[in-house]
Structures are given as C-alpha cells and as structure tokens.
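One structure below.
The values are calculated or read from the model by the stated rules, or taken from the named source; none is laboratory data. Every value quoted in this text rests on a predicted model; they were computed, and no experiment measured them. No Cβ is skipped: glycine too gets one built from the backbone with ideal geometry, and neighbour counts run over all protein chains shown.
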Amino acid sequence: MSGSLLASVVFLKIQEFARRSVSEQARLRAQLEAVVAVTAAELDPASRIVLEAGDGAAIVVLADPHGALRLAERALSACAAGLPLAAGLNHGAVQIAGRKDGTGLTGDGIAVAAAAAEFAPPARLLASRAFRDALAEAAPGVEAALVKAGTFTDPGLRAHELYRPDGEAARRRAGRYALAGAAAAIVLLAGGVAARIAAEGQQPFIEAVVAKYRSTAQQGEGYWRALVQKVRF
Amino acid sequence: MAKKKTTQIGRYKVLGELGRGAMGIVYRAKDPALDRVVALKTIILSDDADGREEYQKRFFLEARAAGKLTHPNIVTTYDFGEHDGLAYLAMELLEGTDLRERLQHGAMNPIEALETGQQVAEGLGFAHERGIVHRDIKPGNIMLLDRGQAKIMDFGLARMRAADHKTSTGMVLGTPKYMSPEQVAGQPVDHRSDLFSLGVVLYEMLTGVRLFAGEDTPHIMHNVTYAEHEPPTYLKPELPGMIDFVVARALKKDPAVRYQEAYELASDLGTCLAELRARAGMSESSGSTTRTVKIETSVPTVPDAPAARAIGFDTRLPFSRQFDSSAAVERLAAPSRGDRVRLARAPRPVGWLRRLRHDAATRWFVLTTLAAALAGGYVALA
C-alpha cells in the first residue's frame, strides 16, 4: 500500500444536519447523494473517490483541482432546490485507511476540507490556501476568482487561511491587467518618441512624422480612388 | 451456622427467591392484605449509622419516584418500606424473560427489536415527562412478556431530576457498557442519557453486536466516549435505511444533538417499523403465479462516519456504498509512475510561460507591453 498522496478534497456539508429530525436527515442525505451522483458524473471514475461523512459527503479528486472546484460550485447550486449545503475545499494528503484493500480514507487533506466546510456560510464554499495554489498550478488564472475570506481558527486551535469565490474578482483582475498593459504601451511608445527627439531634435522629428503622414495619406487617397474606379467598372 | 431462612418481610410472606443482585435479593412474595403475588426487591442497608441513614433516605426517595410511574411499559411499584435492616420494594410480578437472556441467542428479528425499542422509548418518555431519569437502561432491566410487551424494570436507580440530587458522591451508578458519555465522565446527566443507553440496547437488539465492548472498565469507558459505531445496515442490510439515522442520532456523544425527547425516538422507530412491515407485506403478497423481481433501491447511507466538526487528521471516512470508487482507490493504492510524481509533490509556483499560455489577462498584458516595446523601439531607431 502506498503512503499518503496529495489530492483535492471537496467536503459537502449539510447545514445543521444533527439538529434535524431523522426523517429530514434521511431525505436530505438522499438528496445529497443525487447531487453527488450528478456532479461527480463529470469526473473520470478513476479520478474520484466518494466518502461518507456524518453530516455530508467528501469527494476526493485526483489530479484535477479545477474539476473539484467545478464540482463544488455545481453541488452548491442545489441549494436553490432546498438542500442546505456548504462546501470546503482543500488540497492535501490523503491515505487509504484500514486493511490492504482499505475501508476508507484518512488524512489532513480531508480534515482541512471539513474544517473549511464547517466555517462556510450556507450555500457558500471556502477553499484553503493549498487548494488555491494547486488550482493556480493546474489552471493558471482561475485561482484569481478565489479571494481571501480571512483566517479561521478551528476547535483544535489550528488557523486556516481560507478563500471564497468572487465572480467579479477575475473580471476586475482582467481590467487591471488591461489597464496596466495600456499604460505600459503608452509609456513605451512615449519613451520611443522621447529617444528619437533626443537624438534628432524636436523640429526634425515633427517634420519627419508630418512628411510620413502626408505620404501615407496620399498613398491612401490614391488607393481609395483606384478602389472606387474599380467598383464603378 | 446456617442462615435463617427469610419467611416474612414487612407484611409480605416470602414464597421463594427470584434472583440475586449486587444490592440485594429479589423474592417472590405474597401480599396477604390484597391477596396478590408480588416481586419483592430487598436492599441491605449499611451497618454504619450515617451511611445507613443516607442510603435509606435515597432508597425511599427513589421508591417514591418509581411509585409515581404507572405505564404499560414500566413495571409498577406497589409499595416500599423497611424491615429488620432491609429496605424493600414491592413490584408487579412479571412472567417472561429479560432482554439480556434473549440477546444471548443473538440478534432479534428486526420487527421484534424495533417494537421493543419503541415500547421502551414510550415508557421512558412517560417517566421523563414526570422528571424521572432511569440512569441504568440495559438489557437486564428490560423485561419481555408474552405477546411482545416490553417493560422497563428497576427504576430503583432513578433520581428526581428536578430535585437534582447528587449522583456522583464517589459512586458510579449504572452499567459502563450502556452508559452515556456524560455519565462516564461523571457529569450531570438528564433524560437524554437514557436515550443514549437505549440507543446502545437498540443496536444490540438489531445487530447482535455489543457496541462498547472492552477488556476492562477504563477501556469500555474510553469506547463509550470516543468510539463511533458502524451503521446497523452495514451489518444487517435487510434493515430499513432510516434505522441508521435513528441509531446515529440516539448515539450522538453530544447530548445537545441527540434525541431530545424519548417520544421523538419512539415515533421514528414507529416509522421504521411501518417501512419494515410494508416491506414484509409486499414480499408476502408476491404470490406463486406472479414473480416479483426486487430491485434494490438506494438505501440511504449513513453516519457512522464523523461529522465535519469531529474530523481530525487521523479520522477515517468510509467509502460511500452508493458510488463505485474502486478505480480511483486502486490508483491511490498502487499509483503509476506518473501518478507517483504528480500526486506526491506539493503545488509549485506557475512559470511565466505556462501562465502566458493559460491566463488570458496575463497574455493580454504581456503581448500589449511587447507590442508597445517593439513600436517604441521602432519609433526610436527607425
């Protein structure tokens, strides 16, 4: 049997599960199973392991953090159908527990995902720093959608730096990069102009640009006239 | 010197011995006033005067509490008193076997087990409503009568909850295997402690497995406090799926998330019973001419596994029975060379080239800057 390996863990927790009546617990769990069946169907069966938890389920996804994030987001959309879920995501160590063939999984990967789910508000997900890093490596740029939610301390006094998804964050980042690109372009072009002026002087540079413009405009005018005549014929 | 045979206790004429316990002897006796045969439970009072007074006070308090309970699922207490250094309790005499004896032959029929559990829960609900906690629910204290009636015996250990009497004056009351975690910890207990004990008994009735077995008392106590149970349907797949939820809720270590009322537990057991009876009815109704092929419906799976809050690094979560994860488990158990590299290393910072290929925003920034740099260079040099 191998030692521990790293995998992404999606912990889907039914909120306030223990306080619900037994018949409601049975109904919610059946609903959760249906949700997991639908969402996990997207993943290759050789890369996902479904585990049972007292108040939900954990899905261990091998080598696909982006798939894990999609699974969590899709599962949370079931909240609209009355399944009170919260999700925790982590990328960490998991290990087969039990006999040779194993009866379950254990590991810090699961423990941290469970802690994150415990902190997550209803219908929301929280991801660990390790998951964000794994996501960045697997799908660069997608991790920008996870923004820092804060540092949370679990009952074992372990602090977790957790991230929440923010749909606007990626758009804002793209806007920032576009703005920075435009600014850099302006600076570089201005630098080129400044270098030329420094070498030739301002007047010769302006004259050269104007002359260039005229010749280009004349060329353009000639081309335009020829095009119009061609169309007429 | 041979001990003098007891022939009379108070007004009761002793007819014979029914059994012996740690606290005293139980006799079959006759009440001449009412011409009624009763079970007479005697308790030897301490020789020490102070201890005796305390013990006697406690006994009478308990007897008075038990005397208030008249319910079809609770053994009725008729009378109590003291005679010649013996405290006695006259109770309804029952013909039947106790559950402990019954369980020596293995698990019960699921319907019988659920019916018994439901009746005990009803009896406890009645007592709890009157502020009386049993504190020692175990198979030995549940009597099974003919026609399937169950009765809770020995409310002798019960305390008045409202009176809030000291429970642990250095003395541990109850049977460790059936104790609740709070009882084991010596914390104050309430009626929810009985529901945990009933959960343990229910589990044993359904599966034949004694839940918190151990080599010695500290081991049993540790198991009661920390060990999680395996859902009954894992051991007996023919049980209705809902029973897993019922047992899990009754066996919650934290009383706050356990069943809060015995009647609620009784009602849930009733639902399980209805499902089981309906299932039994369906299989009976499938006649010889038409053969019904049973399609396995998805059995709701369950919480033997810990909840999110209770998961630690070394906590095992079991594989789901509803999903086949064997391919991925195999991959994890015997990883290929590629997996060994991919799954063993921690995420690395992403290089610029990869980021450029996959990240549109970065690509836009880099390409714009590059184009501007080329244009600027051209302007400067051309």
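Number of residues in segment A:1-59 that are at the interface with chain B (Cβ under 7 Å from one of its Cβ atoms) and in contact with a Leu (Cβ under 6 Å, 6 or more places away or on another chain) equals 9. Within segment B:87-125, being touching a helix residue (DSSP H, G or I) at 6+ places or on another chain (Cβ under 8 Å), farther than 27 Å from B:Tyr12 by Cβ and of a type in the set (Gly, Ala, Ser) holds for B:Ala107, B:Ala113, B:Gly117, B:Ala121, B:Gly125. Just one of the listed residues (A:Ala182, A:Ala139) is within 13 Å of chain B (Cβ to nearest Cβ), of a type in the set (A, V, I, L, M, F, W, C) and under 23 Å from A:Ala113 (Cβ atoms), and it is A:Ala139.
Of all the residues in segment B:174-220, those that are in contact (Cβ under 8 Å) with a residue 40 or more places away in the chain, in a loop (DSSP other than H, G, I, E, B) and over 21 Å from B:Glu230 (Cα atoms) number 3. Output the qualifying pairs, or none if there are none: Cβ atoms under 7 angstrom, residues six or more apart or on different chains, first residue in segment B:248-270 and more than 9 Å from every other protein chain (Cβ to nearest Cβ) and part of a helix (DSSP H, G or I), second residue of a type in the set (Lys, Arg) and surrounded by 17 or more Cβ atoms within 10 Å (Cβ to Cβ). Sorted first by the residue in segment B:248-270, then by its partner, the pairs are B:Ala250/B:Arg258; B:Pro255/B:Arg192.
Residues are listed down the side, and each one gets a yes or a no for (1) more than 7 Å from every other protein chain (Cβ to nearest Cβ); (2) over 19 Å from the mean Cα position of the chain (by Cα):
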residue: A:Ala72; (1), (2): yes, no
residue: A:Leu89; (1), (2): yes, no
residue: A:Ala97; (1), (2): no, yes
residue: A:Val112; (1), (2): yes, no
residue: A:Leu126; (1), (2): yes, no
residue: A:Asp133; (1), (2): no, no
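Annotation note: of A:Leu28, A:Leu105, A:Leu85, the sole residue that is in contact (Cβ under 8 Å) with a residue 60 or more places away in the chain and aliphatic (A, V, I, L, M) is A:Leu85. The set of residues in segment B:92-124 being β-branched (Val, Ile, Thr) and at pLDDT 95 or above consists of B:Thr116, B:Val120. Taking first residues from segment B:342-353 that are at the interface with chain A (Cβ under 7 Å from one of its Cβ atoms) and partners that are loosely packed, with under 11 Cβ neighbours inside 10 Å and part of a loop (DSSP other than H, G, I, E, B), the Cβ contacts under 9 Å between residues at least 6 apart in sequence or on separate chains come to B:Ala344/A:Gly3.
Residues checked against (1) surrounded by 12 or more Cβ atoms within 10 Å (Cβ to Cβ); (2) of a type in the set (Gly, Ala, Ser); (3) in a helix (DSSP H, G or I):
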{"residue": "A:Val112", "(1), (2), (3)": "yes, no, yes"}
{"residue": "A:Glu118", "(1), (2), (3)": "yes, no, yes"}
{"residue": "A:Leu126", "(1), (2), (3)": "yes, no, no"}
{"residue": "A:Val147", "(1), (2), (3)": "yes, no, no"}
{"residue": "A:Arg172", "(1), (2), (3)": "yes, no, yes"}
{"residue": "A:Ala194", "(1), (2), (3)": "yes, yes, yes"}
{"residue": "A:Thr216", "(1), (2), (3)": "no, no, yes"}
